[in-house]
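Remarks on the structure that follows.
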Amino acid sequence: MSWNRKHLLDIESLSAEEITTVLDTATAFKAVGQRAIKKVPALRGKTVVNLFIEPSTRTRISFELAALRLTADVINFTAEASSLKKGETLKDTARNLEALNADIIIIRHRAAGAPHFLARVLNASVINAGDGAHEHPTQALLDAFTIREKKGRIAGLKVTILGDILYSRVARSNIWTLTKLGAKVTLCGPSTLVPKVFERMGCRVTYNVEEAIVDADIINLLRIQHERQRQTMFPSIGEYASLFGVTKDRLKRTRPDVVIMHPGPINRGVEIDSDIADGDRSVILEQVTNGLAVRMASLFLINGGQGPAEVNS
Amino acid sequence: MSWNRKHLLDIESLSAEEITTVLDTATAFKAVGQRAIKKVPALRGKTVVNLFIEPSTRTRISFELAALRLTADVINFTAEASSLKKGETLKDTARNLEALNADIIIIRHRAAGAPHFLARVLNASVINAGDGAHEHPTQALLDAFTIREKKGRIAGLKVTILGDILYSRVARSNIWTLTKLGAKVTLCGPSTLVPKVFERMGCRVTYNVEEAIVDADIINLLRIQHERQRQTMFPSIGEYASLFGVTKDRLKRTRPDVVIMHPGPINRGVEIDSDIADGDRSVILEQVTNGLAVRMASLFLINGGQGPAEVNS
Amino acid sequence: MSWNRKHLLDIESLSAEEITTVLDTATAFKAVGQRAIKKVPALRGKTVVNLFIEPSTRTRISFELAALRLTADVINFTAEASSLKKGETLKDTARNLEALNADIIIIRHRAAGAPHFLARVLNASVINAGDGAHEHPTQALLDAFTIREKKGRIAGLKVTILGDILYSRVARSNIWTLTKLGAKVTLCGPSTLVPKVFERMGCRVTYNVEEAIVDADIINLLRIQHERQRQTMFPSIGEYASLFGVTKDRLKRTRPDVVIMHPGPINRGVEIDSDIADGDRSVILEQVTNGLAVRMASLFLINGGQGPAEVNS
């Protein structure tokens with residue numbers, strides 16, 4: 001066991017051993033999710049607050065269920081109905097939540113660094129549920145969990161991340177996780193969205209999608225944010241789909257055992273053809289299931305849990 | 001005991017014996033609601049999702065409390081704050097919820113057939129909480145429960161349903177339930193909203209309200225949706241009230257033991273005079289209480305519960 | 001022990017002994033909040049409804065957590081998504097909630113007297129979480145709890161309430177609580193907002209802020225509602241800050257052991273300088289913590305709990 005942290009703020013500062021501890025603990029919690037009674041009492045009497053300043057129903061529900069299955073009390077706090085609208089600062093909001101004896105505050109925020117800021121000003125534990133274009137650690141951990149489960153290992157695998165890398169916290173957290181665990185990461189997408197500077201993080205950068213996917217063990221597709229499309233960055237959804245979408249034709253030129261991932265929600269026919277999303281190479285729904293296990297593991301470890309052995313004790 | 005179903009999608013496909021099993025089980029759960037500790041552990045460790053694509057605070061709360069009193073973990077998912085706004089399909093939303101190990105998904109949706117569609121594409125159990133103008137099975141079951149409780153039986157009773165039958169899922173589910181259990185159903189309302197075709201379901205259709213109510217054992221009033229009034233269908237709220245509203249004068253020409261029902265929320269002075277709604281013939285609030293018992297019974301049976309005997313074991 | 005009430009509607013009708021019982025019981029619950037497992041089973045199987053017709057995330061969350069830590073089932077019902085929008089009356093909404101076997105209904109409403117009205121028409125217990133400009137009893141109780149904790153007593157203390165007294169339910173409930181418990185209350189603020197008529201409640205009224213604070217043991221600042229500023233009442237936020245804000249200069253002319261309170265959320269630089277809000281005379285965050293204990297005590301006593309001794313039994 002190697003977990004001694006009070007917060008889960010990013011992947012960048014974690015060691016490979018710490019990441020592996022989360023994954024191993026998540027394996028134990030995935031088994032809990034398959035029991036008739038999907039609950040353990042690990043966080044009984046603890047208070048977990050979902051502080052979602054940037055809305056995200058999926059991630060919020062995943063954390064909420066993770067906390068409920070650990071028997072915690074959970075409070076959802078969203079920006080819309082809150083004092084933040086009355087001009088209160090994030091710090092004041094968070095310290096007020098902490099004053100309610102909150103043990104763990106899960107924060108999603110548009111500003112990169114917001115979780116680190118809270119970790120400095122609070123006594124409660126903080127989990128980053130996505131901060132700006134910076135990091136989204138539990139997404140990367142669930143992706144790594146899924147890869148390890150499908151391939152038996154992560155070290156030595158070729159993982160291609162495809163899409164809007166520049167603005168993606170999912171990409172950043174994935175790159176940290178995968179390189180720390182010894183995978184070879186390729187980034188691909190429109191050149192405006194995949195700057196060469198990412199090579200400094202140890203990745204290969206290419207703008208040729210065929211080259212990016214031909215020998216990949218894993219293809220991880222990022223969501224195109226077309227509801228808030230960056231118009232100057234790429235011309236149209238249709239063009240993106242034709243240049244970078246995973247189509248049947250493109251899939252023929254990949255390894256037969258390639259695994260297709262996507263953090264969801266998917267845009268069918270844009271990042272991925274509908275049939276492929278539902279096909280046997282896709283693990284998109286398994287990622288959702290694994291996300292719950294990874295979030296239970298994160299809450300459990302942050303709360304002082306002692307690794308996978310304790311889950312089943 | 002005769003319940004062997006994974007879903008509760010409609011009344012049309014249920015047998016009289018199955019309906020009776022729900023009512024008998026609900027009787028046991030109504031007693032639970034009167035205890036000092038209103039909880040049983042039947043669904044401990046199970047996850048119930050309220051997927052309300054069409055909003056309904058009352059019905060959602062009734063299902064939420066029913067699940068909490070069965071000790072389930074409950075997640076509320078409404079359309080407003082969700083990925084559905086980002087263009088995700090209902091199927092993807094539901095499969096993502098199922099991937100969180102959801103055991104039962106309760107869906108309300110504007111489209112008739114949405115619950116049946118989910119039942120085909122999911123492994124989780126599905127409960128229909130109202131789909132378009134199609135069915136609202138738990139409403140009809142709670143209405144039948146209330147009638148049976150008040151009158152001791154349903155077979156042979158004369159039940160009049162008054163209002164906008166054409167667009168009402170409550171009416172359809174009630175007609176199925178009552179005719180299967182042997183009641184004689186009369187439909188009445190504006191002729192544009194009560195087409196003769198309902199006679200094929202075994203009902204009497206009349207446009208004469210006095211004739212409809214004179215010998216009724218039960219009068220079940222449907223809510224006029226005046227916030228989204230079908231303007232071409234009837235001229236005005238005032239005219240509806242004067243033609244079809246249950247007034248003191250009209251009540252004089254009914255049986256002295258008539259029972260007045262309404263699924264709520266009521267429009268005082270439209271479907272029903274305010275005094276009558278609060279009077280001793282009205283069972284409107286008892287319907288609410290019974291709704292909770294019926295929903296506990298539905299969740300319990302769907303989850304594999306073995307009928308009323310097991311509730312108290 | 002001296003608590004025999006079914007509702008908590010206001011402070012005006014409580015005796016000093018009853019107020020003290022709440023504070024003593026809250027002391028026991030504050031200790032619960034510092035345990036590893038912050039829960040007691042006192043309200044297991046009870047249903048608590050947060051009926052917040054006027055939105056307030058903080059107060060709602062405080063009551064929600066209080067109920068969860070007493071192991072109650074909690075339902076949140078807000079006006080936005082409800083039948084109230086469809087023209088349903090408050091009475092009908094509340095009676096429908098009660099029909100779901102709700103044991104305690106916590107109501108916040110813009111209209112003074114709404115909680116008293118509900119207490120008359122319901123069988124359930126009612127807690128007032130703020131009604132118009134009338135009362136906010138749990139806020140006053142948590143303020144009194146904080147004062148007693150800091151000063152060891154309330155009788156004989158000099159308490160100054162500063163701000164918009166006229167429209168403040170917090171001020172009214174504080175005045176009742178403090179005068180019943182024997183404190184000397186001074187009111188200060190813009191003359192348009194602090195009418196002389198408050199002297200009839202046993203308070204001193206002054207428009208000279210220096211005079212109001214010079215010998216105060218406690219200064220309780222009210223929030224300026226600048227998002228819905230009463231424009232005819234005072235000229236500007238800046239002028240308010242300069243005339244009545246607690247600045248470093250003003251603080252120098254107070255007792256060295258003065259305690260600064262504020263019900264939150266604070267407007268930094270308006271009612272209070274930012275450094276003072278975070279300084280060692282401020283107990284603003286302790287008030288939040290104490291609010292939870294006072295609300296647990298209120299729910300517990302309303303539910304028939306027998307005072308502090310029982311909390312720890």
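The condition of being surrounded by fewer than 19 Cβ atoms within 10 Å (Cβ to Cβ) and either under 30 Å from B:A277 (Cα atoms) or more than 11 Å from every other protein chain (Cβ to nearest Cβ) (or both) holds for C:N4.
Here A:A293, A:A297 are screened, and the one residue that is away from chain B (no Cβ under 14 Å), part of a helix (DSSP H, G or I) and of a type outside the set (V, I, T) is A:A297.
Taken as a whole, the condition of being crowded, with 20+ Cβ neighbours inside 10 Å, in a helix (DSSP H, G or I) and over 19 Å from the mean Cα position of the chain (by Cα) does not apply to C:A67. The set of residues in the range B:99-113 that are at the interface with chain A (Cβ under 8 Å from one of its Cβ atoms) and either touching a residue at least 12 places away in the same chain (Cβ under 8 Å) or within 19 Å of B:R5 (Cα to Cα) (or both) comprises B:L100, B:N101. Where strands (runs of 3 or more DSSP E) sit wholly within the range A:176-221, those with at least 1 residues that are among the β-branched types (V, I, T) and farther than 21 Å from A:E239 by Cβ occupy A:184-188, A:218-221. Taken as a whole, the condition of being among the basic types (K, R) and either closer than 28 Å to A:K180 by Cβ or within 14 Å of chain C (Cβ to nearest Cβ) (or both) applies to A:K46.
Among the residues of the range C:252-292, those identified as out of contact with any strand residue (DSSP E or B) (no Cβ under 8 Å at 6 or more places or on another chain), within 19 Å of C:E210 (Cα to Cα) and not β-branched (V, I, T) are C:K252, C:R253, C:R255, C:P256, C:D257, C:G269. When the range C:132-175 is filtered for residues that are assigned to a helix (DSSP H, G or I) and without any contact (Cβ under 8 Å) to a residue 24 or more places away in the chain, nothing remains. Within the range C:245-283, restricting attention to residues that are surrounded by fewer than 15 Cβ atoms within 10 Å (Cβ to Cβ) and not in a loop (DSSP other than H, G, I, E, B), which residue is nearest to the other protein chains (Cβ to nearest Cβ)? Here the answer is C:S274. The one condition from (1) in a strand (DSSP E or B); (2) of a type in the set (G, A, S); (3) farther than 22 Å from A:N303 by Cβ that A:A129 does not meet is (3). The set of residues from the range B:272-306 being touching a Phe, Trp or Tyr at 6+ places or on another chain (Cβ under 7 Å) and among the small types (G, A, S) comprises B:A293, B:A297. Just to check your reading of the model, which residue among B:V32, B:V40, B:V74, B:V22 is of a type outside the set (F, W, Y) and within 11 Å of chain A (Cβ to nearest Cβ)? Testing whether each residue is of a type outside the set (F, W, Y) and within 11 Å of chain A (Cβ to nearest Cβ) leaves just B:V74. For the range A:20-56, a residue qualifies if it is closer than 23 Å to A:L90 by Cα and surrounded by fewer than 23 Cβ atoms within 10 Å (Cβ to Cβ), and the qualifying residues are A:I53, A:E54, A:P55, A:S56.
If you go through the range C:4-62 and pick out every residue that is small (G, A, S), without any contact (Cβ under 8 Å) to a residue 60 or more places away in the chain and either over 21 Å from C:G113 (Cβ atoms) or touching a helix residue (DSSP H, G or I) at 6+ places or on another chain (Cβ under 6 Å) (or both), you end up with 2. Name the one entry in A:T247, A:T254, A:T289 that is hydroxyl-bearing (S, T, Y) and in contact with an Asp or Glu (Cβ under 6 Å, 6 or more places away or on another chain). Only one candidate passes the filter, namely A:T247.
Looking only at the range C:114-123, decide whether some residue is in a loop (DSSP other than H, G, I, E, B) and more than 14 Å from chain A (Cβ to nearest Cβ). There is at least one residue in the range C:114-123 that is in a loop (DSSP other than H, G, I, E, B) and more than 14 Å from chain A (Cβ to nearest Cβ).
Among the residues examined, A:I106 does not qualify as on the phi < 0 side of the Ramachandran plot, in contact with a strand residue (DSSP E or B) (Cβ under 7 Å, 6 or more places away or on another chain) and not assigned by TED's automatic domain parsing to the domain that holds A:L51.
The values are calculated or read from the model by the stated rules, or taken from the named source; none is laboratory data. None of these values were measured; they are calculated from a predicted model. A quick note on method: Cβ atoms are made from the backbone with ideal geometry, for glycine too, and the neighbour counts reach across all protein chains shown.
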